[in-house]
Structures are given as C-alpha cells and as structure tokens.
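Colleague: Right, I'll just put the structure down here and ask away after.
Here, each number is a calculation from the coordinates, and none is a lab measurement. Everything quoted here is computed from the prediction, not taken from an experiment. Note that we place each Cβ from the backbone using ideal geometry, even for glycine, and neighbour counts take in every protein chain shown.
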Amino acid sequence: MKRQWTKWLGIILAGSMLVGCGSQPGGAEPLTAGSETAGSETAGSGTAGSETAGSGTTGSGTTGSGTAQTQAGDGGTEPQQMQTAEGQGWNREDDGSYEALQQFSQRLMLENMEEVNPLLSPVSAYLALGMVGMGARGETGQEFQDLLGGNMPAVSRSLMERYPQEQEGMVLTIANSVWMDQQVTPDVQWIADMEGIFRGEGYRGVLSSQEIMDQINAWCSEKTRGLIPQMLEEPLNSDASLTVLDAIYFKGDWIVPFDALDTVQRPFTKEDGTELQVDTMSMCEQSQRYLHSELGEGVLLPYQGGEFAYVAILPGEGIQVRELYRQLAPQALAELLESEKRELCNLRLPKYEVSFDRELNESLQSMGLVRAFDGSMADFSGLVQKDSMHISLVKQKAVFRVDEKGTEAAAVTMVVMDRLADLEAPESRDLYFDRPFVYMILDLETQVPLFVGIMDDPG
C-alpha cells in the first residue's frame, strides 16, 4: 500500500471534504495520494492484513524521513517550530543523546512493576506518546518535553531509521499508525511529522464503529505477527476522535542456542519462599558474557547479528528484585555492562512466556504528564484544527517468549484521544536464574531497552 499523507493535506485544504458528505461506512479509509477524496481506497473488506491496511513493514524505506515536511510546508520551506510555554520548540535535529529515552524507560517501569511479572516496551510507549506530543502546545507541550526530552523528534526519527531491520536470525520491526474520526480535521504540520518522523500509516473513519475496532485489531495482529491479535475488546466510545498506535516486534535467535535435550524441570524459588518446578534450560561449562556489580550478577546473551542481546540480572545478597531495578538507573546499567568479562559458567535459565496488559494513565500522570489528560487544560492545538482534545487512554500490551532457540517479543501501545576475550579462570561459575530476576532486550550500542521485565513466576 502507498503510505503517503498528501491525501490528508488535500482534505485539509479543501475544507475537509469528508465532513458533511453523507453517512460513511464504519470501516477506515486509508489516507493515500492520488485521488480527489479520501474515500477512493477503502480498508473495508475487513482486515488490516490486506494491502489496504499496510502490508509492508513500516520503516522499510517507502517513506523517506522528511518528505512530507516539504509537501506540507509553504513552497517547500522547513517545518515550523513548535512552541512550548517557554517559547522553546522541539529540537528536531540533535539526536546525539538517548539519555532522556533511557531515563523514561526506567521511570515507566518503576511506575508499573508492582504486579506479578511486569513487562513493558519503553520504546513503543515513547514513540506513541511522541506522536501525540508533536501536537501539544503551551504548558501541555512543555510537559511532553519534560517527560520525553526536548530532542524527542530527532530521537524518534533515529529510532525509525535504526531499528526496523531483518537479517538471518534476527527481525525487528516498528510500525506506527493514526486512526482519525471523519469529523476531525488534522493539522497540516502534524500530518507531515507523522510521515516524516514516525513513518506512520493514516486511516479515517467512524472510530466508534465495530469495523474500526476489527481493523485496529487486525493491524495490531499483522504488525506483531500474531503475538498480539487483539488490542481492543470493544469499540471505542463515541467521543473518541483520534488514536495513535505503535507496534514493535522482535525475534532473535541466540548466537549459541540451548540444547532442548538439556531442558528439564528444576526448582524456582519466589521471593515469598514458594518453590515451583519449571522448565529450565541449561548450558554447562560454556564461556559466557558474565556481568557483575555490587547490585548483583548476570549474563548477556547476544542474538544473531550481535547488535541486540538478552540481559538477565540476579539481585545481590540482601537485595530484592524490585530494589535491584530501582537502583538500575542508566548509569548503573552502563557500569554493569562495562563489567562484562568472559567466564566459564554453568548457566540455567527458565523457559518462559509472559504477557502483560496495562493502562498507563496513572503512571504517566505520576511522571508529570498531567494536563494532557485534563480536558480543561490540555492543549493539542498543533494536532487538530478547531477541536479541543485530551488523552483518555494510554494502554500497552506486551508478550515475551524465551526458549532454547531465542526470544520472540511484541508490544503495542495505544493512545486514545477524546474529541568476546580470553577465559580468566579455569573454574566454572554457577549462574542459576532460579529466583526472581530482571531481564531485558537491550540495544548494545545505545543501551536502550526495547523490552524490560521482572520475572517473578515463570510457572
């Protein structure tokens, strides 16, 4: 499918041709270039897995970073600067620092780690909130900058250029989409940013319809390769005017896989002392990338290609697993990774699958994003024309699987808006992950976690 946004621009300039043109079917219409109205191509036959709903992987190169910006600008000029309450716009160019994203990742997990087996994709949440934040102004815009960092557009563009990739033994895809009610007129610059920065797909229809719900679920299923087949259990409410979605999918094979014949039932002791028998993978006297600090010890298991790795960390003596994570600030994580050395290890790791479904409204408000959720204070004047909007729901679903071959993981974030190294010792080290531990899929270059979780109960 063509994924250009010029169609939206045409609708805006024509005074939103869909509004007042009679009743529309509930199904979403992809916003594509090349015809008079947005209804010339429909997604309606049912699923977002068809060509109409985006069969290609976002980030594959069909949309260049920045093309829509010149289309949206006056005579091809640079996009206008977004102003916050302080008069300082988003920094669109300086992507040299991932510090804000690293901090956001830890803060988000800290706010959501009290449940059993918590799991999040900070990158997915960051991109979804970033899409909405590009349309926030005034004090609302400042809150987004405080939360995501002032260089969020540049970091987001960097993520979209860096991460979507596929090679033997490793797949990482990221997809973004915007679903807009037919009565809403989007801001021209915001649409340009959705394509130019986030490479988003755009759809328009009756958001509260059953068809839209089905198509959103189909889009999520397609982009996560079936790991998350359903994001919505019922249609959005009648006040829903816009929703943005970010989907991330990862599948990586270990460089050195576990032998399935060595997987047996072994005990796993929970923090309350309860002992479980769980399927446990093992490697005996193998050279491993061993990590150690005063916080604990762990292992780094790289995936094919060597750019990403599974990191698992056991708390040190007297430290509980959540306290370990509280102390695992970006600098502490960097120091732990710097401790890496090759050691012979007897490694045991549970084979597990985790799913997590979490509304993030309260945690984001605790992190300082307050006005965006308040209809009387929210300012998204850079997102849509005329209408006032606020965020009613931020939700993420995530799935994580670890087995002898490698790891498969996916997450979808939805924002709904109303209206190697020689061996150093001959002896083997026992590294048994038979009690609660922290784990993540880590970008080794940026030290940004794509996924992060706490394993309390692998049974």
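Colleague: Check off (1) over 20 Å from LYS397 (Cα atoms); (2) part of a strand (DSSP E or B) for THR173 and give me the number that stays unchecked.
Modeller: (1)
Colleague: Then there's this: Looking only at strands (runs of 3 or more DSSP E) that fall completely inside region 242-349, which ones have 1 or more residues that are in contact with a Gly (Cβ under 6 Å, 6 or more places away or on another chain)?
Modeller: Working: elements: 264-269, 275-293, 296-302, 308-315.
Qualifying strands (runs of 3 or more DSSP E): 275-293, 296-302, 308-315.
Colleague: Return the total of residues in region 350-383 being closer than 30 Å to GLY459 by Cβ and outside any loop (DSSP other than H, G, I, E, B). Don't jump to the end; show me each part of the working.
Modeller: Within region 350-383, the subset closer than 30 Å to GLY459 by Cβ is 350-360, 362-363.
Going one step further and asking which of them are outside any loop (DSSP other than H, G, I, E, B), we end up with 350, 352-359, 362-363.
Total satisfying the criteria: 11.
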